[in-house]
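The values are calculated or read from the model by the stated rules, or taken from the named source; none is laboratory data. Note that this is a predicted model, so its numbers are computed, not measured. FYI the Cβ positions are ideal-geometry reconstructions off the backbone, even for glycines, and counts take in every protein chain you see. We work out accessible area using only protein heavy atoms, side chains counted, and drop any ligands, DNA or RNA first. Shrake-Rupley method; radii C 1.70, N 1.55, O 1.52, S 1.80 Å.
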Amino acid sequence: MSMDSHIEKVLWTQDQISRRVTELAAQITHDFNSVSPPPVVVGVATGAFLFLADLVRNIHLPISVDFIRAESYGSGTLSSGAPVLSLDSKLDVKDKHVILVEDIVDTGTTLSSLIANLVSKGASSVSVCTLLDKPARRKIQVELVGEGKFYRGFECPDYFVVGYGMDFAELYRNLPYVGVLKPECYK
């Protein structure tokens, strides 16, 4: 059975995502053009890995790249509300501008804990670049740090989505688009 048959509808195609990622990278390049030292781009594993790769290839600045991992979903469809940091960044972010790259901002709980982690390490500013923003589910207002900015690819309706790095039980990450997973595939 094809993975495509598990998708109720496609929200954003591969071409739409590619265009939007290019626009976000151009905005980041513009905004950080005169920043010194160069920013550190930290991708939130594993969901943001495709977005991060495409984004950094289109940022025309010297940047450092690292990963951090926080787990809050397990194999379910709802955030536990208690994210666990299972992989910390290895690069020194003290007195640096950090751009945290997320696949999706949902309740805001995980993102807030990751920002707090970077602040505790001395980051001078923390910006967020998320492919999808789901404000309808927000429980915590995300507070950026210093001169931090919020970059959003698309506003996501309140559906359970997969593809372009996002998963259900570690599956569907390799879909080239973002789509709504049929409920019978996760219930």
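Within the stretch 163-180, being on the phi > 0 side of the Ramachandran plot and not small (Gly, Ala, Ser) holds for Tyr164, Glu170, Tyr172. Across the stretch 103-114, the number of residues qualifying as open to solvent by 10 Å² or more (accessible area, probe 1.4 Å) and hydrophobic (A, V, I, L, M, F, W, C) comes to 1. Condition check: among the hydrophobic types (A, V, I, L, M, F, W, C), surrounded by 15 or more Cβ atoms within 10 Å (Cβ to Cβ) and closer than 12 Å to Asp106 by Cα. Does Val128 satisfy that? So Val128 does not fit the description; no. Among the residues of the stretch 103-148, just one is within 14 Å of the chain's Cα centre (by Cα) and basic (Lys, Arg), namely Lys134. Being under 16 Å from the mean Cα position of the chain (by Cα), crowded, with 23+ Cβ neighbours inside 10 Å and either in a helix (DSSP H, G or I) or modelled with pLDDT under 95 (or both): is that true of Leu100 here? For Leu100, the condition - under 16 Å from the mean Cα position of the chain (by Cα), crowded, with 23+ Cβ neighbours inside 10 Å and either in a helix (DSSP H, G or I) or modelled with pLDDT under 95 (or both) - is not met.
Within the stretch 155-169, being open to solvent by less than 50 Å² (accessible area, probe 1.4 Å), assigned to a strand (DSSP E or B) and within 10 Å of Lys134 (Cβ to Cβ) holds for one residue alone: Val161. If we scan the stretch 139-149, do we find a residue that is open to solvent by 50 Å² or more (accessible area, probe 1.4 Å), at pLDDT 95 or above, acidic (Asp, Glu) and farther than 23 Å from Glu71 by Cβ? No, because not a single residue in the stretch 139-149 is open to solvent by 50 Å² or more (accessible area, probe 1.4 Å), at pLDDT 95 or above, acidic (Asp, Glu) and farther than 23 Å from Glu71 by Cβ. Residues that are without any contact (Cβ under 8 Å) to a residue 24 or more places away in the chain and under 14 Å from the mean Cα position of the chain (by Cα) within the stretch 11-51 are absent altogether. Give me the residue from the stretch 19-74 that is closer than 19 Å to Arg173 by Cβ and basic (Lys, Arg) and, out of that set, least open to solvent (accessible area, probe 1.4 Å). For the stretch 19-74, the residue satisfying everything is Arg20.
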